[in-house]
Amino acid sequence: MSLPEAIRVRISSEAVDGVTITPVVSEIMPLDQIAAEVLGISGKNPERVKEIFARGSLVSGASRFRWDPLPLESGDIARLLGRFPDPDPSRLFDAALCTAVVLLGLQQPLVIEREQGQKRKLFRRESFWDRLMGLATASAEYKTYSYRQRADVYRAEPGPAGLTIIEEASKLLAWSSYEEQIRRGTVNAVEFHVPRPGS
């Protein structure tokens, strides 16, 4: 069969207690978009990819996705997986391409997009983003490729010196709620998302 370019997907919230009823949203999603969610669970495992598409459902984060079962043959799966890159540990971190940092170890992961991190407080010459990119350049190591984020993921475990950098950098954030979350917890790792050019 030929791969469809898009499929109708029903999306609902996956409540933590399994009781809350939320509206179901139906939309046409590009096949690559739902495939990225599938690969986020299965990796490039053809059998798992085939199983999930044939089942017609998956849970990703706080969302449940459902679609009419889509049986895929081996050739279909090979073509689909060929659209996505493989992890590549030889890729060096490039601060100019980084689009988001994720602070781990807090009450919940804190995602700070580049636009938010680069916003400077009044009269400040440096930004939170500048400091974090310095930390990444000095100590981040390649972790994997994230199919959901369509980006290579680099990780730094800051240690005492790195924690000081993060705490001081948090004072530069224009969003005080971010600073408060960092101040109230302890960051034990930072992930940096770097999309590949053209992806």
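Could you tell me how many of the residues in region 14-46 are charged (D, E, K, R), surrounded by fewer than 13 Cβ atoms within 10 Å (Cβ to Cβ) and either modelled with pLDDT of 90 or more or under 20 Å from the mean Cα position of the chain (by Cα) (or both)? So that I can check it myself, show each step before the final result.
Of the residues in region 14-46, the ones charged (D, E, K, R) are 14, 17, 27, 32, 37, 44.
Applying the additional criterion that residues be surrounded by fewer than 13 Cβ atoms within 10 Å (Cβ to Cβ) yields 17, 27.
Checking the rest, the ones that are also either modelled with pLDDT of 90 or more or under 20 Å from the mean Cα position of the chain (by Cα) (or both) come to 27.
Counting residues in region 14-46 that are charged (D, E, K, R), surrounded by fewer than 13 Cβ atoms within 10 Å (Cβ to Cβ) and either modelled with pLDDT of 90 or more or under 20 Å from the mean Cα position of the chain (by Cα) (or both) gives 1.
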Residues of region 147-179 satisfying the condition of being among the polar types (S, T, N, Q) and either surrounded by fewer than 18 Cβ atoms within 10 Å (Cβ to Cβ) or in a loop (DSSP other than H, G, I, E, B) (or both)
149, 164, 176, 177
Number of positions in region 64-90 that are within 18 Å of residue 147 (Cα to Cα), surrounded by 15 or more Cβ atoms within 10 Å (Cβ to Cβ) and either hydroxyl-bearing (Ser, Thr, Tyr) or over 21 Å from the mean Cα position of the chain (by Cα) (or both):
1
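Going by the conditions given, is residue 93 at pLDDT below 95, surrounded by 15 or more Cβ atoms within 10 Å (Cβ to Cβ) and within 16 Å of residue 146 (Cβ to Cβ)?
Values: at pLDDT below 95: no; surrounded by 15 or more Cβ atoms within 10 Å (Cβ to Cβ): yes; within 16 Å of residue 146 (Cβ to Cβ): yes.
Answer is no for this residue.
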Matching strands (runs of 3 or more DSSP E) fully within region 23-107 where at least 2 residues are in the same structural domain as residue 154 (by TED's automatic domain parsing):
100-104
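The values are calculated or read from the model by the stated rules, or taken from the named source; none is laboratory data. Predicted model only: the values in this text are computed from it and were never measured. All Cβ positions, glycine included, derive from the backbone under ideal geometry; neighbour counts span all protein chains shown.
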